[in-house]
Every structure is written in C-alpha cells, then in structure tokens.
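For reference, the structure is listed below as structure tokens.
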Amino acid sequence: MAVNLRSEKLADLFVRANEKKLLLPNFQRDFVWSLEDQRSLATSLLLDVPLGSSSVSLRVDLDFSSRAIDEKHADLPGRG
C-alpha cells in the first residue's frame, strides 16, 4: 500500500465534511475538545502555526464501517 503525503486547506476539509464526503471510521473517538482547546486551535490557525498531521483514507471500501463527522457513536444502531 502506497502512502501519499499532501497538504489540504482546512476550509476544504470543512466543505467535504458538510457534504458527508469526509467520514470517520467507527473506531475514532467522539469529539471531546473543550471550548478552551477549540479557542487555542483557532488561535494557532490565525497565527499560521503548523498543526501537525492527520491520517485520511481515500479508499471507499468495507474495511471499516464509518460515520459522518457530526454523528456520535450512540446514534449508530447497536451502540450506546
């Protein structure tokens, strides 16, 4: 399996998430950031501080079940 590195604009990720084209695997934990953590991230973005990396799978297959970014584990059948 080849690994390709690329940069994407955060705004593009938000667009893909809103269009339900950016999904989370079900093993990803739910959103847990505090309001202060979110403010710190926004400050870093405004100051153009490098944010590190994330892993995104571009494959659409059945290796992992997935969910929309705004969908919690409890919203899924058989969970909660």
message: Once you place label points 7 Å from the Cα toward the Cβ at ASP70 and LEU45, how far apart are they in nm?
response: 1.5 nm
- prompt: How many Å² of accessible area per residue for region 2-54, probe 1.4 Å?
  reply: 91 Å²
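The values are calculated or read from the model by the stated rules, or taken from the named source; none is laboratory data. This structure is a prediction, so every number in the text was calculated from the model and none was measured. Virtual Cβ from ideal backbone geometry, glycine too; neighbours counted across all protein chains shown. Remember, those area values only see protein heavy atoms, side chains included, never the ligands or the DNA or RNA. Shrake-Rupley method; radii C 1.70, N 1.55, O 1.52, S 1.80 Å.
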